[in-house]
Amino acid sequence: MIILGTASDIKLLTKDGRRLDGRTNEELRPIKIETGVLNRADGSAYIEWGGNKILVAVYGPREAYPKHTQNINKAIVKARYNMAAFSVDERKRPGPDRRSIEISKVISEALDQAIMVEQFPRTQIDVFIEVLQADAGTRIAGLTAATVAVASAGIPMKDFVVGCTAGKVEGKVVLDLSKEEDNFGQADLPMAVLSKSGKVVLLQMDGDLSVEEFDQATEMILTATKRINEIQREALSTRFVAEIEEGGE
Ligand code: ADP
(Lines give C-alpha, C1' and ligand atoms only; values in the text may rest on other atoms or scores of the structure.)
Protein backbone atom coordinates (compact mmCIF):
# COMPACT_ATOMS: atom_id res chain seq x y z
CA MET A 1 0.00 0.00 0.00
CA ILE A 2 1.35 3.46 -0.82
CA ILE A 3 0.48 6.03 1.79
CA LEU A 4 0.97 9.69 0.99
CA GLY A 5 0.99 12.43 3.60
CA THR A 6 2.51 13.24 6.94
CA ALA A 7 2.05 11.46 10.26
CA SER A 8 -0.51 14.00 11.46
CA ASP A 9 -2.93 13.65 8.54
CA ILE A 10 -2.83 9.86 8.21
CA LYS A 11 -6.00 8.20 9.51
CA LEU A 12 -5.14 4.94 11.25
CA LEU A 13 -8.55 4.24 12.77
CA THR A 14 -11.88 4.03 10.96
CA LYS A 15 -15.00 5.93 12.11
CA ASP A 16 -16.14 2.95 14.21
CA GLY A 17 -12.76 2.78 15.98
CA ARG A 18 -11.38 -0.22 14.04
CA ARG A 19 -7.86 -0.34 12.70
CA LEU A 20 -7.13 -0.16 8.97
CA ASP A 21 -6.75 -3.95 8.74
CA GLY A 22 -10.04 -4.45 10.62
CA ARG A 23 -8.50 -5.46 13.95
CA THR A 24 -9.69 -4.32 17.36
CA ASN A 25 -7.22 -2.55 19.67
CA GLU A 26 -6.20 -5.76 21.44
CA GLU A 27 -6.12 -8.10 18.46
CA LEU A 28 -2.97 -9.81 17.23
CA ARG A 29 -2.16 -10.34 13.57
CA PRO A 30 -2.16 -14.03 12.54
CA ILE A 31 0.95 -15.90 13.76
CA LYS A 32 2.28 -19.22 12.47
CA ILE A 33 5.50 -20.91 13.62
CA GLU A 34 7.14 -24.00 12.16
CA THR A 35 10.26 -25.75 13.35
CA GLY A 36 12.74 -28.15 11.75
CA VAL A 37 12.67 -26.25 8.46
CA LEU A 38 16.42 -26.39 7.70
CA ASN A 39 18.31 -29.69 7.44
CA ARG A 40 21.84 -28.40 7.97
CA ALA A 41 21.29 -26.26 11.07
CA ASP A 42 21.20 -27.74 14.58
CA GLY A 43 17.87 -26.03 15.12
CA SER A 44 15.58 -23.88 13.00
CA ALA A 45 12.26 -22.10 12.88
CA TYR A 46 10.17 -20.13 10.42
CA ILE A 47 7.65 -17.56 11.56
CA GLU A 48 4.92 -15.70 9.73
CA TRP A 49 3.51 -12.90 11.86
CA GLY A 50 1.20 -10.63 9.90
CA GLY A 51 3.24 -9.88 6.78
CA ASN A 52 6.56 -10.69 8.46
CA LYS A 53 8.37 -13.76 7.16
CA ILE A 54 11.46 -14.70 9.13
CA LEU A 55 13.76 -17.71 9.10
CA VAL A 56 16.01 -18.61 12.05
CA ALA A 57 18.94 -21.06 12.05
CA VAL A 58 20.80 -22.09 15.20
CA TYR A 59 24.26 -23.68 15.45
CA GLY A 60 25.96 -24.84 18.61
CA PRO A 61 26.97 -24.83 21.31
CA ARG A 62 30.36 -25.05 19.55
CA GLU A 63 33.84 -23.91 20.55
CA ALA A 64 33.91 -20.11 20.56
CA TYR A 65 36.16 -18.63 17.94
CA PRO A 66 38.37 -16.58 18.01
CA LYS A 67 39.57 -18.12 21.25
CA HIS A 68 39.97 -14.83 23.13
CA THR A 69 36.18 -14.37 22.94
CA GLN A 70 35.61 -17.51 25.02
CA ASN A 71 34.01 -17.13 28.43
CA ILE A 72 35.26 -19.74 30.88
CA ASN A 73 31.95 -19.60 32.79
CA LYS A 74 29.33 -19.76 30.07
CA ALA A 75 28.36 -19.97 26.42
CA ILE A 76 28.20 -16.74 24.43
CA VAL A 77 24.91 -16.21 22.61
CA LYS A 78 25.58 -14.55 19.26
CA ALA A 79 22.42 -13.53 17.45
CA ARG A 80 22.74 -11.96 14.04
CA TYR A 81 19.63 -10.15 12.79
CA ASN A 82 19.70 -9.47 9.06
CA MET A 83 17.16 -7.99 6.70
CA ALA A 84 17.26 -9.36 3.16
CA ALA A 85 17.64 -6.75 0.41
CA PHE A 86 14.19 -7.76 -0.88
CA SER A 87 12.45 -7.67 2.53
CA VAL A 88 11.23 -4.08 2.29
CA ASP A 89 9.55 -1.91 -0.38
CA GLU A 90 12.72 -0.17 -1.53
CA ARG A 91 15.72 -2.49 -1.93
CA LYS A 92 17.66 -2.46 1.34
CA ARG A 93 21.42 -2.11 1.08
CA PRO A 94 22.77 -5.57 2.01
CA GLY A 95 24.92 -6.05 5.07
CA PRO A 96 24.92 -4.90 8.68
CA ASP A 97 23.94 -1.37 9.65
CA ARG A 98 23.48 0.42 12.97
CA ARG A 99 19.89 -0.80 13.32
CA SER A 100 20.71 -4.47 12.68
CA ILE A 101 23.72 -4.34 15.04
CA GLU A 102 21.52 -2.90 17.80
CA ILE A 103 18.76 -5.47 17.22
CA SER A 104 21.30 -8.32 17.18
CA LYS A 105 22.62 -7.13 20.55
CA VAL A 106 19.25 -6.84 22.29
CA ILE A 107 18.12 -10.23 20.92
CA SER A 108 21.39 -11.89 22.06
CA GLU A 109 20.93 -10.47 25.56
CA ALA A 110 17.31 -11.60 25.77
CA LEU A 111 18.15 -15.16 24.66
CA ASP A 112 21.07 -15.30 27.09
CA GLN A 113 18.52 -14.98 29.92
CA ALA A 114 16.59 -18.05 28.75
CA ILE A 115 19.36 -20.46 27.72
CA MET A 116 21.28 -22.48 30.33
CA VAL A 117 24.50 -20.86 29.19
CA GLU A 118 26.42 -21.94 32.33
CA GLN A 119 26.32 -25.53 31.10
CA PHE A 120 28.50 -24.75 28.07
CA PRO A 121 31.62 -22.76 29.04
CA ARG A 122 33.99 -21.65 26.25
CA THR A 123 31.36 -22.16 23.55
CA GLN A 124 29.18 -19.96 21.39
CA ILE A 125 25.63 -20.43 20.20
CA ASP A 126 25.00 -18.79 16.84
CA VAL A 127 21.48 -17.64 16.05
CA PHE A 128 20.98 -16.36 12.50
CA ILE A 129 17.75 -14.39 12.04
CA GLU A 130 16.98 -13.68 8.42
CA VAL A 131 14.10 -11.32 7.72
CA LEU A 132 12.73 -12.30 4.32
CA GLN A 133 9.75 -9.96 4.43
CA ALA A 134 9.42 -7.10 6.93
CA ASP A 135 6.10 -5.76 8.12
CA ALA A 136 6.77 -4.11 11.54
CA GLY A 137 7.69 -5.89 14.74
CA THR A 138 10.50 -7.89 13.14
CA ARG A 139 12.78 -7.80 16.23
CA ILE A 140 10.02 -9.32 18.34
CA ALA A 141 8.93 -11.83 15.71
CA GLY A 142 12.60 -12.79 15.15
CA LEU A 143 13.22 -13.24 18.88
CA THR A 144 10.01 -15.24 19.38
CA ALA A 145 11.02 -17.58 16.54
CA ALA A 146 14.65 -17.70 17.72
CA THR A 147 13.51 -19.15 21.04
CA VAL A 148 11.73 -21.96 19.21
CA ALA A 149 14.78 -22.56 17.01
CA VAL A 150 17.11 -22.75 20.04
CA ALA A 151 14.79 -25.20 21.80
CA SER A 152 14.55 -27.29 18.63
CA ALA A 153 18.37 -27.56 18.60
CA GLY A 154 18.04 -29.40 21.93
CA ILE A 155 19.87 -26.62 23.79
CA PRO A 156 18.78 -26.64 27.45
CA MET A 157 16.60 -23.66 28.33
CA LYS A 158 15.13 -22.34 31.56
CA ASP A 159 12.26 -20.55 29.94
CA PHE A 160 10.73 -19.31 26.69
CA VAL A 161 11.36 -15.76 25.47
CA VAL A 162 8.14 -14.40 24.07
CA GLY A 163 7.36 -10.89 22.93
CA CYS A 164 4.93 -8.54 21.30
CA THR A 165 4.67 -4.83 20.51
CA ALA A 166 2.10 -2.25 21.46
CA GLY A 167 1.87 1.40 20.57
CA LYS A 168 -0.37 4.39 20.20
CA VAL A 169 -2.37 5.49 17.19
CA GLU A 170 -4.67 8.50 17.18
CA GLY A 171 -4.45 8.64 20.97
CA LYS A 172 -5.44 4.98 21.47
CA VAL A 173 -3.20 2.23 22.80
CA VAL A 174 -3.17 -0.73 20.39
CA LEU A 175 -1.51 -4.15 20.33
CA ASP A 176 0.85 -5.53 17.67
CA LEU A 177 1.43 -2.53 15.39
CA SER A 178 1.02 -2.92 11.65
CA LYS A 179 3.56 -1.27 9.36
CA GLU A 180 1.38 1.82 8.81
CA GLU A 181 0.78 2.12 12.56
CA ASP A 182 4.50 1.74 13.21
CA ASN A 183 5.40 4.35 10.58
CA PHE A 184 2.69 6.92 11.30
CA GLY A 185 1.60 6.19 14.89
CA GLN A 186 2.58 8.09 18.02
CA ALA A 187 4.47 5.35 19.88
CA ASP A 188 6.03 1.92 19.34
CA LEU A 189 6.91 -0.30 22.29
CA PRO A 190 8.46 -3.73 21.63
CA MET A 191 8.75 -5.88 24.75
CA ALA A 192 9.74 -9.48 25.51
CA VAL A 193 9.45 -11.50 28.70
CA LEU A 194 10.35 -14.93 30.00
CA SER A 195 7.10 -16.87 29.87
CA LYS A 196 7.24 -18.54 33.28
CA SER A 197 9.12 -16.08 35.46
CA GLY A 198 7.60 -13.00 33.80
CA LYS A 199 11.03 -11.31 33.82
CA VAL A 200 11.29 -8.53 31.24
CA VAL A 201 14.23 -9.23 28.93
CA LEU A 202 13.67 -6.65 26.17
CA LEU A 203 11.98 -3.28 26.35
CA GLN A 204 12.43 -0.47 23.88
CA MET A 205 10.27 2.47 22.96
CA ASP A 206 10.01 5.37 20.60
CA GLY A 207 7.38 8.06 20.54
CA ASP A 208 5.50 9.17 23.64
CA LEU A 209 3.17 7.50 26.12
CA SER A 210 1.76 8.72 29.43
CA VAL A 211 2.46 6.49 32.43
CA GLU A 212 -1.15 5.23 32.24
CA GLU A 213 -0.80 4.47 28.54
CA PHE A 214 2.52 2.73 29.20
CA ASP A 215 0.87 0.53 31.84
CA GLN A 216 -2.01 -0.24 29.48
CA ALA A 217 0.41 -1.12 26.66
CA THR A 218 2.54 -3.45 28.81
CA GLU A 219 -0.60 -5.08 30.24
CA MET A 220 -1.87 -5.76 26.70
CA ILE A 221 1.52 -7.18 25.72
CA LEU A 222 1.63 -9.48 28.75
CA THR A 223 -1.82 -10.87 27.95
CA ALA A 224 -0.83 -11.41 24.31
CA THR A 225 2.42 -13.19 25.20
CA LYS A 226 0.38 -15.98 26.83
CA ARG A 227 -1.31 -16.71 23.50
CA ILE A 228 1.95 -16.36 21.56
CA ASN A 229 3.68 -18.75 23.97
CA GLU A 230 1.00 -21.35 23.19
CA ILE A 231 1.85 -21.00 19.49
CA GLN A 232 5.56 -21.47 20.31
CA ARG A 233 4.76 -24.59 22.33
CA GLU A 234 2.56 -26.02 19.59
CA ALA A 235 5.44 -25.56 17.13
CA LEU A 236 7.75 -27.64 19.30
CA SER A 237 7.29 -31.28 20.03
CA THR A 238 6.10 -32.18 23.53
CA ARG A 239 9.61 -33.44 24.24
CA PHE A 240 11.23 -29.99 24.02
CA VAL A 241 8.44 -28.28 25.95
CA ALA A 242 8.81 -30.81 28.80
CA GLU A 243 12.57 -30.17 28.90
CA ILE A 244 12.09 -26.39 29.22
CA GLU A 245 9.50 -26.95 31.94
CA GLU A 246 11.87 -29.13 33.94
CA GLY A 247 14.75 -26.72 33.31
CA GLY A 248 13.19 -23.86 35.21
CA GLU A 249 12.25 -25.87 38.32
P1 ADP B 1 10.80 -3.61 13.99
O2 ADP B 1 10.76 -4.33 12.69
O3 ADP B 1 11.33 -4.43 15.11
O4 ADP B 1 9.46 -2.96 14.32
P5 ADP B 1 11.65 -0.90 13.40
O6 ADP B 1 10.62 -0.24 14.28
O7 ADP B 1 13.03 -0.32 13.31
O8 ADP B 1 11.85 -2.42 13.85
O9 ADP B 1 11.08 -1.02 11.93
C10 ADP B 1 9.73 -1.08 11.65
C11 ADP B 1 9.50 -1.52 10.23
O12 ADP B 1 10.02 -0.55 9.34
C13 ADP B 1 10.20 -2.81 9.85
O14 ADP B 1 9.54 -3.96 10.30
C15 ADP B 1 10.20 -2.68 8.35
O16 ADP B 1 8.94 -3.05 7.83
C17 ADP B 1 10.46 -1.19 8.16
N18 ADP B 1 11.90 -0.95 7.93
C19 ADP B 1 12.90 -1.06 8.82
N20 ADP B 1 14.10 -0.81 8.26
C21 ADP B 1 13.84 -0.51 6.98
C22 ADP B 1 14.65 -0.15 5.86
N23 ADP B 1 15.98 -0.05 5.92
N24 ADP B 1 14.02 0.08 4.69
C25 ADP B 1 12.68 -0.01 4.58
N26 ADP B 1 11.86 -0.35 5.59
C27 ADP B 1 12.43 -0.60 6.77
Report whether or not Val161 is within 16 Å of the ligand (Cβ to nearest atom), crowded, with 23+ Cβ neighbours inside 10 Å, in contact (Cβ under 8 Å) with a residue 12 or more places away in the chain and closer than 23 Å to Thr35 by Cα.
yes
Number of the condition not met by Ser195 [criteria: (1) at pLDDT below 95; (2) open to solvent by 30 Å² or more (accessible area, probe 1.4 Å)]:
(1)
Residues that are under 20 Å from Ile47 (Cβ atoms) and crowded, with 19+ Cβ neighbours inside 10 Å, drawn from the range 114-136:
Ala114, Ile115, Ile125, Val127, Phe128, Ile129, Val131, Ala134, Asp135, Ala136
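Residues checked against (1) free of Cβ contacts under 8 Å to residues at least 60 places away in the same chain; (2) within 15 Å of the ligand (Cβ to nearest atom):
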| position | (1), (2) |
| --- | --- |
| Asp89 | yes, yes |
| Arg98 | yes, yes |
| Ile101 | yes, yes |
| Ile115 | yes, no |
| Arg122 | yes, no |
| Asp126 | no, no |
| Ala145 | no, yes |
Scan the strands (runs of 3 or more DSSP E) fully inside the range 1-103 and keep the ones with 3 or more residues being closer than 25 Å to Ala224 by Cα and open to solvent by less than 50 Å² (accessible area, probe 1.4 Å).
31-35, 43-49, 52-63
Considering only the range 56-78, I want to know if a residue exists there that is closer than 26 Å to Leu175 by Cα and within 12 Å of the ligand (Cβ to nearest atom).
no
Checking the conditions here, which among Gln216, Gln186 is open to solvent by 70 Å² or more (accessible area, probe 1.4 Å), within 16 Å of the ligand (Cβ to nearest atom), at negative phi and out of contact with any Pro (no Cβ under 6 Å at 6 or more places or on another chain)?
Gln186
Taking the range 168-183 as the region of interest, how many residues are more than 11 Å from the ligand (Cβ to nearest atom) and either open to solvent by less than 10 Å² (accessible area, probe 1.4 Å) or of a type outside the set (Asp, Glu) (or both)?
7
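The values are calculated or read from the model by the stated rules, or taken from the named source; none is laboratory data. Worth saying up front: this structure is predicted, and the values here are computed from it rather than measured. All Cβ positions, even for glycine, are placed from backbone atoms using ideal geometry, and neighbour counts span all protein chains on display. For the accessible areas, the whole protein counts, side chains as well, though only heavy atoms, and no ligand, DNA or RNA atoms are used. Shrake-Rupley method; radii C 1.70, N 1.55, O 1.52, S 1.80 Å.
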